[in-house]
Structures are given as structure tokens and as C-alpha cells.
Amino acid sequence: MSFLRYATFVALMGTMLATPALALDRRVTIINETGFTMTNFYGSNTGSSSWEEDILGQDVLPSGSQVSINFNDESGYCMFDFRAVFEDGDELIREKVNVCETSTFTYN
């Protein structure tokens, strides 16, 4: 096999192996069962040094409600840190949630 054919083969295999990780479903349903309204929610990949923007924006998530969030930030990350802020001032932080394997995350 010539060097050029070999290099093309290696590049093609690398693309094929990387594609499943990029194509993984990163949608997670966040469920609020705390008895308090969630006023802010942040989800940042573990490679990020900040919480980014509030995903809920102007909305809130009342207790007993849920929201589906797509965490595909095109970084390829599956591991995300979550930060939920509630109307009573409490904050709950959960680190290293695998959004490629988790489809539902409940706050109790």
C-alpha cells in the first residue's frame, strides 16, 4: 500500500471513529421536584472555565415541571457540570454529568 493510500485510509478511519462521539444525543430532560421554583440553570462542559449563560433565560422552572435541554455545544464533550439556582437562594451544583448517557436528571 502506497504512503498516500495509507494516509488516506488512516484519516478515513479516524473520521469514522470520531463520528459516533460527535453524533451522540446530548439532550437531557431536567426535572424540578424540589418544591421550589428553579430561577436559573447553567450547564457547562467540564473543559470550560465559566458557567456560560443562564439556559433558562427569562423563564423559570416551577416545581413539578421539566424542560428538555440540548447540551450539544459542538465541543465534543459529554461531561458537563450543572448549576441550578432556586427562588429561596439555594444553589445545587452537580459535577461531571455524562449528557451522552443521561437522558433525565431530577432535582429532588
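Taking the stretch 79-99 as the region of interest, how many residues are within 12 Å of Asp25 (Cα to Cα) and open to solvent by 30 Å² or more (accessible area, probe 1.4 Å)? Working first, answer last.
Residues of the stretch 79-99 that are within 12 Å of Asp25 (Cα to Cα), as a first pass: 98-99.
From what is left, the residues that are open to solvent by 30 Å² or more (accessible area, probe 1.4 Å) are 98.
The number of residues fulfilling the criteria is 1.
So that you can scan it fast, the table gives a plain yes or no per residue for (1) among the acidic types (Asp, Glu); (2) open to solvent by 40 Å² or more (accessible area, probe 1.4 Å); (3) modelled with pLDDT of 95 or more:
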{"site": "Met16", "(1), (2), (3)": "no, yes, no"}
{"site": "Ala21", "(1), (2), (3)": "no, yes, no"}
{"site": "Asn32", "(1), (2), (3)": "no, no, yes"}
{"site": "Tyr42", "(1), (2), (3)": "no, no, yes"}
{"site": "Asp54", "(1), (2), (3)": "yes, no, yes"}
{"site": "Gly64", "(1), (2), (3)": "no, yes, yes"}
{"site": "Ser68", "(1), (2), (3)": "no, yes, yes"}
{"site": "Phe71", "(1), (2), (3)": "no, no, yes"}
Given the criteria modelled with pLDDT of 95 or more, within 14 Å of Thr37 (Cβ to Cβ) and acidic (Asp, Glu), does Glu95 qualify?
no
Where a residue in the stretch 44-55 is under 18 Å from Cys78 (Cβ atoms) and its partner, wherever it lies, is open to solvent by 60 Å² or more (accessible area, probe 1.4 Å) and hydrophobic (A, V, I, L, M, F, W, C), with Cβ under 7 Å and at least six apart
Ser44/Trp51; Asn45/Met79; Thr46/Met79
Note on Ser49: of the conditions (1) surrounded by fewer than 16 Cβ atoms within 10 Å (Cβ to Cβ); (2) in contact with a helix residue (DSSP H, G or I) (Cβ under 9 Å, 6 or more places away or on another chain), unmet is (2)
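The values are calculated or read from the model by the stated rules, or taken from the named source; none is laboratory data. Treat the numbers as computed from the prediction; the structure is a model and nothing was measured. Neighbour counts run over all protein chains shown; Cβ positions are idealised from the backbone, glycine included. Keep in mind that these areas ignore ligands, DNA and RNA; they rest on the heavy atoms of the full protein, side chains included. Shrake-Rupley method; radii C 1.70, N 1.55, O 1.52, S 1.80 Å.
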